[in-house]
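The values are calculated or read from the model by the stated rules, or taken from the named source; none is laboratory data. Everything numeric in this text was worked out from a predicted model, so none of it was measured. Every residue, glycine among them, receives a Cβ derived from its backbone with ideal geometry; neighbour counts consider all protein chains shown. Only protein heavy atoms, including side chains, enter the accessible area calculation; ligands, DNA and RNA are left aside. Shrake-Rupley method; radii C 1.70, N 1.55, O 1.52, S 1.80 Å.
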Amino acid sequence: MLFRNGTYMKLNVTEILCNKAAELMQSGFSGMSAVYALTEVVDHILVEAFDAVVGERGEVAGRSRGLALVAVGGYGRMEVAPYSDIDIMLLSKDRNSVNTNAAQDVLYRMWDIGLNISHSFRTLSECVEDSLSDLKTRTSLIESRFLAGSMDVFQEFKRDIYQKLLFKDRKDFIRDMLRETDGRHKTYGDTVYLLEPNVKEGRGGLRDIHSVSWFARVVLRMNGLGDLKGMLSGSDYKHFMKAFDFLLKARLCLHSVSKRRNDVLSFEFQEAVAHGLGFKDTKRFLSEEILMRLYFKKAGNVTDVLRKVMHTSGRQYVSFAPSFFIRKITDDFSLSKDEIIIRDKSLLRHTEKVLEAFHVYSITGKQFSAQVREAIRGRAIFISKKKVSKKAAAYFWEILKGNRACATLREMHDTGILDRFIPEFGRLRHLVLYEPYHRYTVDEHTLVALKNIENLKHTQHVKFHYLAETLKGVKQEVLYLSVLLHDVGKGAPQEHSGRHEEYGYRIIKGILERLNIGSNDRTKIEFLVKNHILLSRLALTRDTNAPETITQLAEVVETEENLKALYLMTYADMSAVNPHFWTDWKAYLFHDIFTKTIDHMRGVKGRCFSKPDKKLEGFLEDMPERYLMANAEDTIRSDYALSLKIRTEQVVISISSRPDNTAEINVITGDRPGLFSRIVGALSFRGLNILQARLYTGKTGLVIDKVLLSNWQGIWWQGIEEQIRADLKDIVSEDRQWAAGGRHWGQSPCPPSAGHCLLPVSKRTESFIEIDNETSDEYTILELFLPDRIGLLSDISSQLYLHETDIISAVINTEDAVAWDVFYLQHAGGKLDAETIFNVVNAIQNSAIWSYA
């Protein structure tokens, strides 16, 4: 009771609602049942306060003076949360002094007892005037619900005024609603897949459900959400109502844990809300990750229904030509009423026909009819995840080439087709990763990145001019597919956790093979996925004025086309972190390192050195272009000076310590079988760990091997440099091999005749071996991804030597206890034949198994 001992009690209504909400949540109430129960609590307080004031004024329930207390807005819908607005309207026939004073007394009494209300006082005629001039007022009054006072006034409102609220100027209502919905979505992120969504105002939130209700009642003349059963399929209606209930429950819990009016499901509250809703951690996902993935699914269901209702509502006032005016697009697809239709929906049981439908979607710029879209959605689960026909792959490739690629890929994702067509991308759906600055789920981040790249084709903004010009020199379909696949490694199971670009690089090989991508395009896509964070790492964490930074980037990209594509991919990736992440400063940094690297590469190709030297030019002609890309002018001149000593010495060695406690050893000599194996063996014998190696072989047989040692400072002793020089000269000059120790090589775990295979030799790292005999006309390329250990490189190079395989060039990298090595090989002066490939891979695989058994 509010009245006690002649006075009115001061209530903490918010505390009452919080306690009630906690009680309901613990009891397992549904979201709808909980908000109805909270609404009843507020109803009781308001009605008792209203009746008390009216009684004191000598008016029984206000009937004689014609004042009614009406719940409107969210309170009228019975969607009360602990900190939500309590919207009321005091309604009367006219503004006489008695009703005005009574309304003031009611409001004062409600404030006195501690109610935080949003209020209005209107006459019947003012309800019409205000609602037709303001959309928010109109939608609020549509939710009117009688609480207390004059039932006669409220009945007159429902009979005469309410119908005008619903049906007068409906065309203006549709226009204003469509505009408001679009504007609200843009304000709150314009996507369902925000990592910190607004559960009320965001896309797929409660406000979208309210919009469905308003469209249904005003435009489609339905009585409420229940009538949607006749418009939606049974499954869609069920999912929609479950989503409604989930959002209500999530908002209740969010208010309770944040202890304030808050509708943003931010990182700081996600764990508490997840626990409040009963989610628990699993082996693979945290409770908050489970919550967010479920939220995105539910919000997606709401978005689908809103799209259908808005589409149907909009068609009420759009004139189309009679249905017999149909424009044929293909043998099976046509345009009717500006929508894509199909001759026979049963054709969509074939994957090729589904991909053809999306190709038509891409080239026409039109939407699917509701029936076609529904048929495609229903077909998703029947698309094979393992096989892709050449025809389906060809349609997908054409989509990537088109002017509407991003919109088409999003529609494929929204309908579930893309997830089945490329299941590795499907693992990213609703994936939440808590990374600094990121605003979107992984799948949404990817689609935003694609859209940002596509927007460059149409931009007129001066700050994007250089990016737009760069885009013209890059193959669109290769870049788009690279961006689409760049984060697939983030969907890796927990046992493969690590650098996502490494795991992604390995798994896209199977994707590209299924999609029948040509060899040249495949190599470029693999390069971009593998190195998609390289440019950002160098630009943001290295001195871009340092020559070694530029030469490092030039060595990796090798060609201007690769550099341009990597530059664009970096922009796409970073601009999709959040709308404000790509700043003018970052744009300057990336453009600076890009132009410096371009200048370096063009300077190398043009042999542009500060002091021309004919003998130096001869040295440069002899060395491979990759050597020129990877080394600055000072380094090249130093190597050239050392190479001149070869005339009097068989082996020239230089050792230089570096500020990061590593050391670089340069070995310059003439080529001979097993040279690199001997160098590695000698260094391993002294306990030195090879962090990186670059091998260059000139046309005349001059070899420059650059080896970077990681533990030089830790193992250093007085005289080690002289000892290393003596070891290397001894082993290189005398043509003998360091003993690797007798070993028995067991049976191969998988047939090396395959292009690549994975070796389960370590719990931490899934090993990977690939032989590429197509990319180069001169060399066979061997790529290895193995857990690192002392002596690993020695074992690998020894096996190559034992099988009479020459290492012409190599790129050796070790990081985070993982060896990622690439060898350019020849056998008998040419590429390796099938038998040699089998023997080499078999030996290396067994060496890995032996090492970790």
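With the requirement that a residue be of a type in the set (A, V, I, L, M) and farther than 30 Å from SER336 by Cα, what does the range 273-315 give you?
Passing the criteria: VAL273, ALA274, LEU277, LEU286, ILE290, LEU291, MET292, LEU294, ALA299.
Does any residue in the range 98-109 that is touching a residue at least 40 places away in the same chain (Cβ under 8 Å) and open to solvent by 10 Å² or more (accessible area, probe 1.4 Å) come within less than 6 Å, Cβ to Cβ, of a residue that is part of a helix (DSSP H, G or I) and among the β-branched types (Val, Ile, Thr) six or more places away or on a different chain, and which pairs are these?
Note: pairs meeting the criteria are ASP105/VAL53; ARG109/VAL53.
State whether one or more residues within the range 313-330 are more than 27 Å from HIS359 (Cβ to Cβ), open to solvent by 40 Å² or more (accessible area, probe 1.4 Å) and at pLDDT 90 or above.
no
Regarding the range 450-469, can at least one residue be identified that is modelled with pLDDT of 90 or more, under 20 Å from ARG420 (Cα atoms) and of a type outside the set (Gly, Ala, Ser)?
Among the residues of the range 450-469, at least one is modelled with pLDDT of 90 or more, under 20 Å from ARG420 (Cα atoms) and of a type outside the set (Gly, Ala, Ser), which makes the answer yes.
Please give the number of the condition ARG260 fails out of (1) touching a residue at least 40 places away in the same chain (Cβ under 8 Å); (2) closer than 30 Å to PRO436 by Cβ; (3) out of contact with any Asp or Glu (no Cβ under 6 Å at 6 or more places or on another chain); (4) crowded, with 23+ Cβ neighbours inside 10 Å.
Condition not satisfied by ARG260: (4).
Being within 21 Å of ASP795 (Cβ to Cβ), touching a residue at least 60 places away in the same chain (Cβ under 8 Å) and among the charged types (D, E, K, R) is the filter here, so list the residues in the range 689-717 that pass it.
ARG694
Of the residues LEU708, LEU688, which is under 43 Å from the mean Cα position of the chain (by Cα) and under 29 Å from GLU621 (Cα atoms)?
Exactly one of LEU708, LEU688 is under 43 Å from the mean Cα position of the chain (by Cα) and under 29 Å from GLU621 (Cα atoms), namely LEU708.
If only one of GLU196, GLU180 is in contact (Cβ under 8 Å) with a residue 60 or more places away in the chain and acidic (Asp, Glu), which one is it?
The conditions single out GLU196.
Find the residue count for the range 111-127, including only residues that are closer than 29 Å to ARG159 by Cα and out of contact with any Lys or Arg (no Cβ under 7 Å at 6 or more places or on another chain).
Total meeting the criteria: 9.
Just one of GLY416, GLY402, GLY473, GLY426 is modelled with pLDDT under 90 and of a type in the set (Gly, Ala, Ser); which is it?
Sole residue among the options that is modelled with pLDDT under 90 and of a type in the set (Gly, Ala, Ser): GLY473.
From the list GLU398, GLU444, GLU454, which one is within 18 Å of VAL478 (Cα to Cα) and under 17 Å from the mean Cα position of the chain (by Cα)?
GLU454
Would you please name the residue that is modelled with the highest pLDDT, looking only at residues in the range 1-29 that are surrounded by 15 or more Cβ atoms within 10 Å (Cβ to Cβ) and of a type in the set (Ser, Thr, Tyr)?
That would be THR14.
What number goes with the only condition from (1) polar (S, T, N, Q); (2) at pLDDT 90 or above; (3) open to solvent by less than 20 Å² (accessible area, probe 1.4 Å) that THR551 does not pass?
(2)
Given the criterion under 24 Å from GLY28 (Cβ atoms) and not hydrophobic (A, V, I, L, M, F, W, C), identify the matching residue among ARG260, ARG251.
From the options ARG260, ARG251, the qualifying one is ARG251.
Among the residues that make up the range 267-275, is at least one of them assigned to a helix (DSSP H, G or I), over 28 Å from PHE382 (Cβ atoms) and β-branched (Val, Ile, Thr)?
Yes, the range 267-275 has at least one match.
Do the conditions hold for PHE333, that is, is it open to solvent by 30 Å² or more (accessible area, probe 1.4 Å), in contact with a strand residue (DSSP E or B) (Cβ under 8 Å, 6 or more places away or on another chain) and not charged (D, E, K, R)?
no
Only one of (1) outside any helix (DSSP H, G or I); (2) of a type outside the set (Lys, Arg); (3) over 30 Å from LEU69 (Cα atoms) is not met by LEU220, so which one is it?
The number of the failed condition is (3).
Would you mention how many residues in the range 573-593 are touching a residue at least 60 places away in the same chain (Cβ under 8 Å) and within 15 Å of TYR466 (Cβ to Cβ)?
4
Identify, from the list PHE527, PHE581, the residue that is open to solvent by 30 Å² or more (accessible area, probe 1.4 Å) and of a type outside the set (Ser, Thr, Tyr).
Within the list PHE527, PHE581, the selection yields PHE581.
If you scan the range 207-238, which residues turn out to be open to solvent by less than 10 Å² (accessible area, probe 1.4 Å) and closer than 30 Å to PHE267 by Cα?
Result: ASP208, ILE209, HIS210, SER211, VAL212.
Is there a residue in the range 553-571 that is more than 25 Å from LYS472 (Cβ to Cβ), of a type outside the set (Gly, Ala, Ser) and not in a helix (DSSP H, G or I)?
Checked against the condition, which is being more than 25 Å from LYS472 (Cβ to Cβ), of a type outside the set (Gly, Ala, Ser) and not in a helix (DSSP H, G or I), the range 553-571 yields no hits at all.
I'd like the full set of residues that are of a type in the set (A, V, I, L, M, F, W, C) and surrounded by 15 or more Cβ atoms within 10 Å (Cβ to Cβ), limited to the range 165-193.
Matches in the range 165-193: LEU165, LEU166, PHE173, ILE174, MET177, LEU178, VAL192.
Mind listing just one residue for me: the one in the range 144-157 that is open to solvent by less than 70 Å² (accessible area, probe 1.4 Å) and either without any contact (Cβ under 8 Å) to a residue 12 or more places away in the chain or more than 52 Å from the chain's Cα centre (by Cα) (or both) and, of those, nearest to ARG122 (Cα to Cα)?
VAL153
Answer yes or no as to whether PHE267 is of a type in the set (Phe, Trp, Tyr), in contact (Cβ under 8 Å) with a residue 24 or more places away in the chain, over 15 Å from LYS298 (Cα atoms) and surrounded by fewer than 17 Cβ atoms within 10 Å (Cβ to Cβ).
yes
For GLY204, work out the one condition from (1) more than 24 Å from HIS255 (Cα to Cα); (2) buried (at least 21 other Cβ atoms within 10 Å of the Cβ) it doesn't fulfil.
Result: GLY204 fails condition (1) only.
So for the range 464-474 (the condition being acidic (Asp, Glu), touching a Ser or Thr at 6+ places or on another chain (Cβ under 9 Å), surrounded by fewer than 19 Cβ atoms within 10 Å (Cβ to Cβ) and more than 28 Å from ILE769 (Cβ to Cβ)), does at least one residue qualify?
no
Give the residue, chosen from VAL529, VAL577, that is under 23 Å from the mean Cα position of the chain (by Cα), in a helix (DSSP H, G or I) and at pLDDT 90 or above.
VAL529
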